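The values are calculated or read from the model by the stated rules, or taken from the named source; none is laboratory data. No experiment lies behind these values; they were computed from the predicted model shown. Quick reminder, even Gly has a Cβ in these numbers, built from the backbone with ideal geometry, and neighbours come from all protein chains shown. We work out accessible area using only protein heavy atoms, side chains counted, and drop any ligands, DNA or RNA first. Shrake-Rupley method; radii C 1.70, N 1.55, O 1.52, S 1.80 Å.
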Amino acid sequence: MRVFLAGGTGAIGRHLVPLLVAAGHRVVVLTRSSDSAAALASVGAAPVMGDVYDQARLARLVAESEAEVVIQQLTAFGTKTGDPYAETMRVRVDGTRHLVAAARAAGVRRFIAQSISFVCSPLGTGLTDEETPLYLDGPASVRAFVESVASLERQALHAKGMSGTVLRYGWFYGPGTSWDANGFIPCAIRDGTYPLVGSGAGTYSFIDLRDAAAATIQALAHDTPGIYNIVDDSPVPLNEWLPFAARLLGAPPPNREDAAAARERIGDIRVYYMNEQRGASNAKAKRALDWKPAHPSWRAGFEALYLNRLSPSPPAPRR
Ligand SMILES: NC(=O)c1ccc[n+]([C@@H]2O[C@H](COP(=O)([O-])OP(=O)(O)OC[C@H]3O[C@@H](n4cnc5c(N)ncnc54)[C@H](OP(=O)(O)O)[C@@H]3O)[C@@H](O)[C@H]2O)c1
């Protein structure tokens, strides 16, 4: 298939591009970086230089790619200047709008977009599924973030003339992510600044980056529009994974922090994650996309990451 990929140079893109090429797809990848363009070419993709906010150029690049499918894997949490939440909200709302418009104008048939599984309503018990409403009635700062996810999903699912698929990935872990051995979270755990907030009941559904990329390949192979949770088989509360990770990292047990105090210090959204979020079910993706995680448990994944038992992974493009 001919594929136009936006967001092919980040954490998931580094795994996804080689899989797409190996599956025989012709892959055109948008990037703003000439170093990343060279890295993409070296793995058999066709890089094109451009910014998703440059609408006219984007429309031309998508048309020239003659793509049948546009894949949106954009986020901007790695932004060094400014607020990464604001940048990611912008790319989800405006970036998706520009990509959908470019795809429609070029007669593209399908649109596949990256979303997240961990902004569903915390009301209710057990795992969330694809029918669970997004958490649009939380505190204002959470609501603004979740509205950007809702906008992305609406645009992807209801793009006129195209079938839309939304992949709600769990919490990425693996090289190059916040959970990398030297990533933000292990560093904070080591220096005792990653607290166990409230009762630590927030339940995380993790996903190994390689499984997330493999699910995207399956979504491409199955033209079954809709929303799919792409998460591992082992949802786990903060009060379980955090002490486990601390032990693996040789760090002291995490400090406890009262939820109200944490809200003041780190904000509503992180308190929601640490104390309130529910895990997600992957049953629908297993059933409809013929996918299952090769790394079903974050436990083995964290052991591999933190005890140096990792198999080699694709190198990060230089920025
Ligand atoms: N589900 C999850 O847990 C989840 C989801 C997303 C991110 N994260 C984590 O957050 C961290 C940083 O992620 P990140 O958001 O910085 O993603 P990233 O992994 O750096 O990837 C961002 C991608 O979006 C592209 N992009 C962003 N803005 C663009 C624009 N204006 N025009 C064109 N392309 C644009 C980048 O392309 P170029 O830079 O090549 O132009 C890049 O390919 C990682 O640790 C990642 O694991 C986690």
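Packing, as the average of other Cβ atoms within 10 Å across residues, places the peptides 29-35, 260-266 in the order 29-35, 260-266, highest first. Probing with 1.4 Å while keeping every protein chain in the model, the per residue accessible area of the chain equals 42 Å².
The convex hull built on the alpha-carbon positions of region 160-319 has an orientation-averaged projected area of 11.3 nm². In a reduced charge model with +1 at each Lys and Arg Cβ and -1 at each Asp and Glu Cβ, the chain shows a dipole moment near 580 debye about its Cα centre. Close amide H pairs (under 5 Å, H built 1.01 Å from N) link Y204 with V236, L238, residues at least 5 positions away or on another chain. Counting alpha carbon pairs within less than 8 Å and at least 6 residues apart, what relative contact order, in whole percent, applies to region 1-117? Averaging sequence separation for qualifying contacts and normalising by length gives 28 percent for region 1-117. Straight-line cross-link partners of K286 among the aspartates and glutamates, defined as a Cα under 18 Å from its Cα and at least 8 positions apart when in the same chain: D129, E130, E131, D208, D211, D223, D232, D233.
Highest mobility in the GNM of the chain, judged by mean-square fluctuation with C-alpha springs under 10 Å and restricted to G250, G107, G226, is found for G250.
Based on C-alpha pairs under 8 angstrom that are at least 6 apart in sequence, region 172-217 has a relative contact order of 37 percent. Only Cα pairs under 8 Å and 6+ residues apart enter the sum, and on that basis the relative contact order of the chain stands at 19 percent. Taking the 1.4 Å solvent-accessible surface of the chain as the whole, the part contributed by carbon and sulfur is 53%.
Here is the list for region 11-110: GluC sites (Glu not before Pro) lying in DSSP coil, each with at most 14 other C-beta atoms within 10 angstrom of its C-beta, are E66.
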